[in-house]
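One structure is given below, encoded as structure tokens.
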Amino acid sequence: MADAGNPLCRPASEAELANPLAVVDQAGWLGGSIRGKRVLCLAAGGGRQSSLYAAAGAVVTVVDLSGAMLELDRRVAAERGYKMRLLQTSMEDLSGLPTSEFDIVIHPVSTCYVPSVAPVFAEVARVICPGGLYISQHKQPTSLQSNYQRGAGGYSVTHSYYRDTPVPPPATPSVSSQRLRETGAVEYLHRWEDLVGLMCRSGFVIEDLIEPLHAKPDAALNTFADRANFIPPYVRIKARRIGTDQQESSGRKLIL
């Protein structure tokens, strides 16, 4: 993806960098300013996320499994004079980062690549400070369950909801599947009790939840926007870390 210049791996444009919060925070969850805030862009290499948050004045750290993706962040930082810390590791292992290090954790769609979200949420809960914001986006389970070719009744459900094995790749690639499923990627379905329940049990409270709108009533058959009329592809969650600094340091458990 990095070598091919995938849209997810392209730095933000000049116009976007001129007003970065209008790009990354259309819901207004970040409160109007993040200047000086310690922001972790989790599993978010590629040069785009980091440049937008750095342009907004945040102190940025980027974690990604791919060295090629992090190299794009390094290039953008050098070209624009941004200071950022880069760490190559899995989202399941943030042991290289201190406890309560971040005010905000930004986590684009990527939990679909790990078998369980439990270790991810546990690590985020550890590195974010009490009261900090965790903003994450995930693939909706129904989207991973469903077909990519529209039938008489819409897009049918073809895969089990209760599964621990990877979701099979599309049998027949289509315009829609190529947008929704990365070629060659191993992806896992996470149920709502995983995405929301495990997040709460990891020490967060959910403050808001939105389904980014990609549906278009007049979209051509079998396109990404047409499928989104029937199945919203993503969910974005705003969560806040509960507890206080005193509770965190004393090791007392919070009973929910």
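Computed quantities for the displayed model
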| item | result |
| --- | --- |
| Selection within the stretch 185-218 - among the small types (Gly, Ala, Ser) and in contact (Cβ under 8 Å) with a residue 60 or more places away in the chain | Ala185, Ser202, Gly203 |
| Unmet criterion (only one of (1) free of Cβ contacts under 8 Å to residues at least 60 places away in the same chain; (2) of a type outside the set (Gly, Ala, Ser); (3) open to solvent by less than 30 Å² (accessible area, probe 1.4 Å); (4) touching a helix residue (DSSP H, G or I) at 6+ places or on another chain (Cβ under 8 Å)) for Arg181 | (4) |
| Qualifying residues in the stretch 110-120 (those that are open to solvent by 40 Å² or more (accessible area, probe 1.4 Å) and within 18 Å of Val167 (Cβ to Cβ)) - the one nearest to the chain's Cα centre (by Cα) | Tyr113 |
| Residue satisfying condition, being of a type in the set (A, V, I, L, M, F, W, C) and open to solvent by less than 50 Å² (accessible area, probe 1.4 Å), within set Val186, Val127, Val157 | Val127 |
| Any pair with Cβ under 7 angstrom, 6 or more apart, that starts in the stretch 25-49 at a residue that is farther than 12 Å from Val60 by Cβ and of a type outside the set (D, E, K, R) and ends at one that is open to solvent by less than 10 Å² (accessible area, probe 1.4 Å) and part of a loop (DSSP other than H, G, I, E, B) | Ala43/Ser110 |
| Residue in the stretch 60-69 that is in contact (Cβ under 8 Å) with a residue 24 or more places away in the chain, crowded, with 21+ Cβ neighbours inside 10 Å, hydroxyl-bearing (Ser, Thr, Tyr) and in contact with a helix residue (DSSP H, G or I) (Cβ under 6 Å, 6 or more places away or on another chain) present | no |
| Verdict on Gln140 being modelled with pLDDT under 95 and in contact with a Phe, Trp or Tyr (Cβ under 8 Å, 6 or more places away or on another chain) | no |
| Qualifying positions in the stretch 22-38 - open to solvent by 60 Å² or more (accessible area, probe 1.4 Å) and more than 18 Å from Asp208 (Cβ to Cβ) | Ser33, Arg35, Lys37, Arg38 |
| Boolean, Gly57 is within 13 Å of Met84 (Cα to Cα) and either touching a residue at least 40 places away in the same chain (Cβ under 8 Å) or in a loop (DSSP other than H, G, I, E, B) (or both) | yes |
| Candidates Ala44, Ala2, Ala12, Ala56 - the one that is modelled with pLDDT under 95 and open to solvent by less than 20 Å² (accessible area, probe 1.4 Å) | Ala12 |
| Boolean, Arg85 is in contact with a Ser or Thr (Cβ under 7 Å, 6 or more places away or on another chain), open to solvent by 30 Å² or more (accessible area, probe 1.4 Å), of a type outside the set (A, V, I, L, M) and at pLDDT 95 or above | yes |
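The values are calculated or read from the model by the stated rules, or taken from the named source; none is laboratory data. Here the structure is a predicted model, which means the values were calculated and not measured. Every residue, glycine as well, gets a Cβ built from its backbone with ideal geometry; the counts of neighbours run over all protein chains shown. With ligands, DNA and RNA removed, areas are computed over all heavy atoms of the protein, side chains included. Shrake-Rupley method; radii C 1.70, N 1.55, O 1.52, S 1.80 Å.
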